[in-house]
Amino acid sequence: MAVSVRRSSTIRRTDRSTSHQEAPAASSHELEHGLRDASPDHLFSLFVSLVAQVHLGISDVEQGFIAGFMHKEVAVADFGARFVGRGRSFSVRCLKFSPPDKSLALKSVLPFGDFSSWEERERLGDLILELRCLSHPWLRGHPNIIQLLGLGWETDPAHLARKWPVLILEYADGGTLQDFLGRHQDLTFRERVKLCLDIATGLYALHRCAVVHGDLKPANVLVCLEVDHGDRKEWTATLADFGGSVLDVGEHERGRLAMGSFPWQAPEWKDWLNRQQLLATDLYSLGLLIWSVMAGGLEPVVQDVELFGLEEHRDDFNVFQQQVSELKRHRPAHFVECLMQAAKTHFAPQVDHRLIAQLLAVTVVTDPALRSIETLRGLLEHALDQDEVPTLVDQSLRIPGKKDEGDEFSFAPITTISHLENILMGPDMLDTLGPTILEYVRERLRDTFWRSEESGQRASAAFSLAIDALRSRSGPEAEAACLEWLQRAAQAGNQSAQSLLVRFHRTFQREIPSAVQAEIEGWIVGAAERNYPAAHEDLHLVLTPEESQSVWRRVRSRFANIGWNRFAPLYENMSVSLEQLDRDTLISMTERMQRPGFVPTQFDVNEHGDSLLHFGASAGLKHVVAAFAGPNLVVSPWKLAMPLDINSLGRWDESALLHACRSGHFAIAMNLLDCGANPTLASTAGDTPLHWVLSFEGSEAEQLAQRLVVAGAAVNAVAKEHKYQWAPLCDYERGTPLHRAVGRGRVDAVEALLKVGAAADDEGDRPDQKCPIYLAAQFYYPEILDLLLRSLDIHAPAARRYRGLSLLVAAIHGTDLYGLRFSMVARHGEKWLSNLHRTVDVLLEHGASEHLHHFPAGLDCAGTTPLQVAVGMGSSEILSYLLVHKGCASEVNIRTFVWYYGTQMVPLATAIYRAQKEAFDMLLASGADPFQPHFDDDGKQLSYLWQCAFAGHRDGSFARTLLARGVPVDQRPPGYETAFAAAVRNRCFQLAKFLLENGADAHLEFQEGLYLQSSDAATVLDYLIREQTRSALGAIEWLLHEVPDMNFIVSSSKQRSVLHSCAVAKMWRTNEAGEGGCKLIADTLMAHFKPVQEQLDMKDADGQTALYCATVMNNHVMVRVLVDAGAHPGVENDAGLSAVDVNSMILQMLEEGDPRLTDEIDPRPITAQIRSRVQKQTLIRQSLLPDT
């Protein structure tokens, strides 16, 4: 088994798992914030938000095979998929790619037919738990946590417009630990210890992220092949299945587990526990799991009921389970003693019994406080030679740049989801969604807006839809849709939307609706106070100069020029002016210091070391600051009683000078410098006063920068970014002071910093390697870009390599925070398009003209053209500018290597792949050839119609244009699938219907297609049947409805009928019947074709009936369907064998243990494989010969 599926649920239990009967509660914290009560639409919004945090790794992109599934329909690859298993919420199948020799596991959350909103909520809840764990930065790269590679989507068979998410996971070659131990009984003691150490290390990582696994057992541990030496393999154990995890219990809160699997659960698993006690429940399970590893996979207690004194209860499992729980809780020493007695019988040779007893002593104990994962890891490490202990044990979770604390890493809990109303659906993710998937996400977001009672939920959904309206189209219709959703978001309370409403209406030359006219002023003022750049710049549009000045005073005092202020409590109930506050505070200070027993700490304003000096510098209280850093210092009472250090540091090591510069108080900053303030002092985030020169304009910026540098400030000092979790428009850039100034478009600050020596090409230790020049090109600041390029004082500075790329790539791509068009209007308003054009012109003037028609060698983008990049990464506006004004129209039919896709493409194919209709039409109008074939990686010449299906187009808008220009509807290479077949397989039903209406032949046979290769040709119906998934059921029903005369014979060369296809689709190895696809598909085919006796018993080209084939494939469900329909079990093949005969032969071979009936790719033990096949063939026997 590749990935363990969850066989236990939080409500209904199967096998030997028990649960609380009430609705599952992962923790009291989750209940408090309403996650369990959230509607499916709310949870879907949360899911999309989490998906936005999941990014495809670079190595996987380079391999390319995962990129085709990221946020796309995964069912197109199901023809070659192998079913692995299923649980209540998930179904798992494996995809193998060769080349490269790589496999993936697809974990689907897909329902049977109709389901209630409660069931949808449960399944989305399980998925969210998995995502939150697996997407955590510290866990995603951990070697002992199963790796989440990405997200795909799958069509719901009951509602073809509905899509369900699919987790794309690392494939575990060894299957579950349970299966692995059964198949590898010859493991050495060292190998067993290594597996235990892997599990303990993964669990330690989870616990350092405040994650309680909650259901630790061998079935939820997967074993991956680490190194294959041919004669010897090295394996790594990884933790998986986080559907029962507990994440959100705070340090002083209580929660409890949602499930417990017998016999692995701790005795206190049903109790309400604090966080440390919850974590300790995993350690109890870990101790029992280690015992099992040493015992070859046996379950503790179950094999030795007599030894534990429980033989009288063996036939009543509920009572037996209760007795074991009592034994664990009230007689722990006896319980462990019995385990060690059983070890004498069950443990593998060479196992150190003394070591295991020591491990149980720190895990399988009643008191959670006595369980210690640190001690356990130490014992396991000691059992191995020190030079062979994996170096990742302690290093795997260290964050670059963080100080080490001994051999451990810092505590980093997964971010608590505390406010659903703050979710901002990841807009940058929308660019990666296939068109059919994107339309489904749009529909769910619309549902969230119209159906949610939470204003925050509605606001987030509306804001995402406003962004999406401009993502792939322009023009009056798109602009109107954007403004409509932006207004709704603003009215629902989204402050980003409130800050942008005026700007977008002016840019699109529309009147602000009367419904919100009265609220505009308050929205802009509130957003300005909260540091929204657009609101800062647009204040003058809604306020008088005097009113604007008043707002700015508040922005720079009460809101510290960054939108919030830790001194806010000092402003509470303040009814006086800022000047009066300044004077009153000074009087209070004077009176306080003159009292007997005065000490300087009485001037502290909080427990973090902030004083009235820091408060005064932040708020602009010049009299207060002057008392510390001015003439008052020479007054005797102050001088004697107040030996204050002007450079004292408050919270986050911030000085008064930093406060003054950040808030934009020029006079106070200069005063502090006059009195010896040190500008080299950096905060814990790396901020220096020079990073906040951007708070000043004109001569103030220049004078302050010079003073700071003269006083010793490092002009290229590096600071972290300032992120606003729910308002990324307000973020301040990471890097040097110049990065910060460029990010906010502060021309005066940029000039000031350049004059004091700031380096325009300094990357500032940024992980993305973006220097200020790159940012200026990306953000469309042509004036700043010109200043920066000129500062390099070299020939053709724009022709240099930046981040491995040309600066033209930066300008074409722009910023993808909210999609290029929306982001640029938000940043520049009416000037966005002219700034785009001027940015390109500045680059060309400074040497980028060398790159205009071809990127040269030495660049990562070498071999392609700016035109191709504009189609693949830019907007229709930049494409138009290149085509019309920069002479790039001659390149519309040039095939180039597109490095970010890893393949050769012409611009027209790129436009189709990105579903950019405006770009598509522009290219055709500029001479692009619609008949020019697109070559895949194998050299196949594929039509652009097929490309539409491959790209997942929702409708026929592109296809209509191609057909109008004469492209044949069924054009294809010999033996390859048509565009219609690809559209059906990729679940693009509207596109498929359009092609069908325009002459597509649904009966054409093929043997190759997207992720498909077969030895013989067949119709698309055959390939859908052989997928054998519930998703395929919906596609089959659609096809039979639209093409009711589909042929009963799906492969003319093999004379294979639909019944044969269903019979031979997959070799049944495990619990395929539980997946449900085969029975549902078979019933659908029977109902549609109504086969007569001759068809039921017909033979294929090899002389086999469908019943015979189903028997050979262990498909007992299809055998039952055929027999019930009247198929005759006695029909013989050309060799004289019937289904009954082959069933008897297989049962005989299984009884003899014939190895030919076992499967090398099945990770289960041979005995388990044989037992499974015996069960299936026995069921077949009962169907074929019901009287036996």
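What follows draws every value from the coordinates through simple rules; no lab data is involved. Since the structure is predicted, the reported quantities are computational estimates derived from the model, not experimental observations. We place every Cβ from the backbone using ideal geometry, glycine too, and count neighbours over all the protein chains shown.
Inter-part distance, segment 705-740 to segment 936-966, computed on C-alpha centroids, equals 48 Å.
Farthest towards the positive end of the charge dipole of the chain, among the residues THR1084, ALA919, ALA1139, is the Cα of ALA919, using unit charges on the Cβ of Lys, Arg, Asp and Glu.
Using the Cβ-Cβ distance between ASP1124 and SER1144 with R0 set to 22 Å, the FRET efficiency from 1/(1 + (r/R0)^6) comes to roughly 0.55. Non-local amide H neighbours of ASP731 (under 5 Å, H modeled in plane, Pro and chain starts lacking H): which ones? Close amide H contacts, sequence-distant or interchain: TYR724. With the helix formula -39500 (n - 2.57) applied to DSSP H stretches of n ≥ 4, the chain reaches a computed 222 nm mean residue ellipticity of -13500 deg cm²/dmol.
A Förster radius of 56 Å combined with the Cβ-Cβ distance from ASP228 to LYS1090 puts the calculated FRET efficiency at roughly 0.60.
Can you tell me the dipole magnitude for the chain around its Cα centre, using point charges on the Cβ only (Lys, Arg +1; Asp, Glu -1), in Debye to the nearest 20?
On the way: 113 positive and 152 negative charges, 234 e Å.
Dipole of the chain, to the nearest 20 debye: 1120 debye.
Cα centroid distance between segment 802-859 and segment 976-1021, in Å? One Cα centre to the other: 40 Å.
Give a quick list of trypsin sites (Lys or Arg not before Pro) in segment 197-244 that DSSP marks as loop, anything other than H, G, I, E or B, with at most 16 other Cβ atoms within 10 Å.
Numbers: sites: ARG208, ARG232, LYS233; in loops: ARG232.
For trypsin sites (Lys or Arg not before Pro) across segment 197-244 that sit outside H, G, I, E and B with at most 16 neighbouring Cβ atoms in 10 Å, the list reads ARG232.
Comparing CYS730, GLY475, ALA889 along the charge dipole axis of the chain, the residue lying farthest to the positive side is CYS730, per the Cβ-charge model. Here segment 982-1069 is treated with +1 on each Lys and Arg Cβ and -1 on each Asp and Glu Cβ, and its dipole about the Cα centre works out to around 460 debye. Of the trypsin sites (Lys or Arg not before Pro) found in segment 650-746, those in coil by DSSP whose Cβ has at most 12 other Cβ atoms within 10 Å are LYS723.
Here the label points at GLU830 and ASN606, each 7 Å from Cα along the C-beta direction, are separated by 4.1 nm in the simple model. Annotation for GLN303 and GLU697: the two label points, set 7 Å from Cα along the Cα-Cβ direction, are 7.9 nm apart.
Each of HIS853 and ARG446 was given a label point 7 Å from its Cα along the Cα-to-Cβ line. The distance between the two points is 4.6 nm.
Between the helical axis of 40-51 and the longest alpha-carbon principal axis of the chain there is an angle of about 70 degrees. Our estimate of slack between THR1167 and HIS1003, defined as 0.36 nm per intervening residue step minus the Cα-Cα distance, is 54.6 nm.
Around the Cα centre of segment 141-276, unit charges on the Cβ atoms of Lys, Arg, Asp and Glu (plus for the first two, minus for the last two) sum to a dipole of about 260 debye. The separation of segment 495-558 from segment 1060-1107, counted between C-alpha centres, amounts to 66 Å. If the segment from LEU370 to ALA711 were pulled out straight at 0.36 nm per residue, it would be longer than the present Cα-Cα gap by 117.1 nm. Here the gap between GLN322 and ASN1071, fully extended at 0.36 nm per residue and compared with their Cα-Cα distance, gives a gain of 266.7 nm. Which residue, SER496, PRO513, TYR440, has the largest displacement toward the positive end of the dipole of segment 420-556 when charges sit on each Cβ (Lys, Arg +1; Asp, Glu -1)? Working it through, the farthest residue towards the positive pole turns out to be SER496. Would you please state which residues of segment 671-691 a label at LYS720 would reach in this model, taking the label point 7 Å out along Cα→Cβ and a backbone N cut-off of under 12 Å? Zone members listed by number: 683-687. Axis of helix 1077-1089 versus longest Cα principal axis of the chain: the two differ by about 70°, to the nearest ten degrees. What FRET efficiency comes out for the pair ALA1101/ARG1156, r = Cβ-Cβ distance, R0 = 25 Å, nearest 0.05? The computed FRET efficiency comes out at 0.55.
Helix 578-593 and the longest principal axis of the C-alpha atoms of the chain enclose an angle of approximately 80°. Sorted ascending by nearby beta carbons within 10 Å, beginning with the fewest, THR375, THR978 become THR375, THR978.
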